[in-house]
1. Show the residue pairs meeting these rules: Cβ distance below 8 Å; 6+ apart or different chains; first residue within region 297-322 and assigned to a loop (DSSP other than H, G, I, E, B); second residue among the hydrophobic types (A, V, I, L, M, F, W, C) and open to solvent by 40 Å² or more (accessible area, probe 1.4 Å).
2. Might you let me know whether region 78-92 holds any residue that is modelled with pLDDT under 90 and loosely packed, with under 12 Cβ neighbours inside 10 Å?
3. Which fully enclosed strands (runs of 3 or more DSSP E) of region 16-99 have 1 or more residues being over 17 Å from the mean Cα position of the chain (by Cα), among the charged types (D, E, K, R) and within 22 Å of residue 308 (Cα to Cα)?
4. Can you spot a residue in region 5-12 that is at pLDDT below 90, exposed (fewer than 15 other Cβ atoms within 10 Å of the Cβ) and over 30 Å from residue 130 (Cα atoms)?
5. Take residue 113 and decide whether it is in a helix (DSSP H, G or I) and touching a residue at least 40 places away in the same chain (Cβ under 8 Å).
6. Does region 13-47 hold any residues that are crowded, with 16+ Cβ neighbours inside 10 Å and touching an Asp or Glu at 6+ places or on another chain (Cβ under 6 Å), and which are they?
7. Name, by its number, the condition in (1) open to solvent by 60 Å² or more (accessible area, probe 1.4 Å); (2) over 18 Å from residue 315 (Cα atoms); (3) polar (S, T, N, Q); (4) out of contact with any strand residue (DSSP E or B) (no Cβ under 8 Å at 6 or more places or on another chain) that does not hold for residue 50.
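The values are calculated or read from the model by the stated rules, or taken from the named source; none is laboratory data. Not measured: the values here are computed from a predicted model. Please note: Cβ atoms are built from the backbone with ideal geometry, for glycine as well, and neighbour counts cover all protein chains shown. Just so you know, the surface numbers come from the protein's heavy atoms only, side chains and all, with ligands and any DNA or RNA stripped out. Shrake-Rupley method; radii C 1.70, N 1.55, O 1.52, S 1.80 Å.
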Amino acid sequence: MAISNEVLNTTFADLRGPLVNSFVRSNELFEALNTKARMPMEGGSYIERSFTGGSPARGVGVYVGDELLNMTRRQQVKKFQVEPHRLVCAINIPKKELKMNSGKLAVIRLIEEYPQTVMDGAKADINAYLLTGVSRGIVFQTAELKGLLSLSGDVSDGIGTGVTNGLIDFTTPALQATAGQVVQGVAKATSYFHYNQYATIGTFSSEGITKLRKMYRTCAHYAGSGKGPDLVIMDDDTYTNFEKDRRDLVRIKVVEDKTEKSNTLELGIGVAKVYSSIDLEVSNFSTAAATAGCAYYLNTDYLEMPMSEAPNISEFKERVGDQDVVTALFSMQANLICTKTVAQGVVTGGVA
C-alpha cells in the first residue's frame, strides 16, 4: 500500500523534535548557547542590548579636605542593535516516491533521505558562515546568509542592521579602532572597549601554546568577572598542532593522557572546551594571518542568539502548483549578538 500523506506526517511527528534538537546540538556554538539558556525567544524588529564602555563619573583624591568633587557626567552607555534574519527552506518529497513505497521503515528512510539531509546541510552552512563568512553551499548559499552576524571580521558586506561587518577582527585593537568599522551598530573603538583581543603565532613549535594560553588570560582579564572564555573553536590544522603539544607534554607527577582516553575531538584550555571544526575553513578568509590558522576564543556569557522563531519543520502538505510533491518548510528567525566584544578573542597563524 502506498504511503499516504497522513501516514508520512504521523511518523514524521515523532521525528521532528529529534531532528531539530540534533540541528542545535551538533553545532558547537549553538550547543554552548543553548546549554546556558542564551537562545531566548524574543520579539521586536531589532535585537538591542545596552553596554557601558566606561565609567560615567570621575573621582578625586581628598588631601586637604576642601577639594571640589568632579560633578561632570560622562555618558558612556551605548546600544548594540542587530536585525533578526529569517531563513526558510522548502523540503520536497516527490509523490512518486510515496506511491512506490509502503510501511513505516520506508517512511523513515524517506525522512532520512530528505528532511534529515536538508537539516544536516543547513546546519553545516550556517555554522560555516558564522565562523568564516562563507557558506558550504549545501542548502543555503552565502548570499542567503548575509543577514546573520558572522564571527569573521573579514565580512564587510552583510545585509541588515548591525551585521555589515563581522564581529571579530584579525588585527590589533588599535587598527580595529582606526578601520572605521561599525559592528552591531556601534563603531569599534578602544576608548569605550568595543574591540576584540588579538594575537598571532609565528611558529607553533616555539610559541604556539604560549600564545594560546596568553590569549585565554587576556580574555579572562577583560571579561571583568575573572572568568575566561568557555568555548574555543580552532581550524583542524591548528587543533592538530595543539593536540600534538598536549599529547607530548610530560610532567613529573602527571602525564597529560586525555587524548589517549577520548575521541580527540575535544580538549581544554582553562575552563574552555576546545573544538576542532571542519567548517572553520581558513582558505575562506581574505586576511593573510587568518588563512595561516584561526582559533576563536568565545565567552558565551556575553553571546546570545535571541529567537523570533526557533528552528522548526512543519508538517508535509500536498502542493498545488507546478510540482507533484509534498512539502514541509524548515524555518527559523534569529541572530547572534555580543554584549561584550572585549571579552572575545582570536589567535591566528597556528598552522605553521
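1. Matching pairs, first to second residue: 306/41; 314/329; 315/13.
2. Within region 78-92, not a single residue is modelled with pLDDT under 90 and loosely packed, with under 12 Cβ neighbours inside 10 Å.
3. Values: elements: 47-52, 77-82, 85-94.
Strands (runs of 3 or more DSSP E) meeting the threshold: 47-52, 77-82.
4. Initially, region 5-12 is screened for residues at pLDDT below 90, giving 5-12.
Going one step further and asking which of them are exposed (fewer than 15 other Cβ atoms within 10 Å of the Cβ), we end up with 6, 10.
From the residues that got through so far, the ones that are over 30 Å from residue 130 (Cα atoms) too are 6, 10.
Yes, region 5-12 contains at least one residue that is at pLDDT below 90, exposed (fewer than 15 other Cβ atoms within 10 Å of the Cβ) and over 30 Å from residue 130 (Cα atoms).
5. In short, no.
6. Of everything in region 13-47, those that are crowded, with 16+ Cβ neighbours inside 10 Å and touching an Asp or Glu at 6+ places or on another chain (Cβ under 6 Å) turn out to be 38, 46.
7. (4)
For (1) surrounded by 18 or more Cβ atoms within 10 Å (Cβ to Cβ); (2) at pLDDT below 95; (3) in a loop (DSSP other than H, G, I, E, B), each residue gets a yes or a no:
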site	(1), (2), (3)
109	no, yes, no
127	yes, no, no
131	yes, no, no
134	yes, no, yes
139	yes, no, yes
143	no, no, no
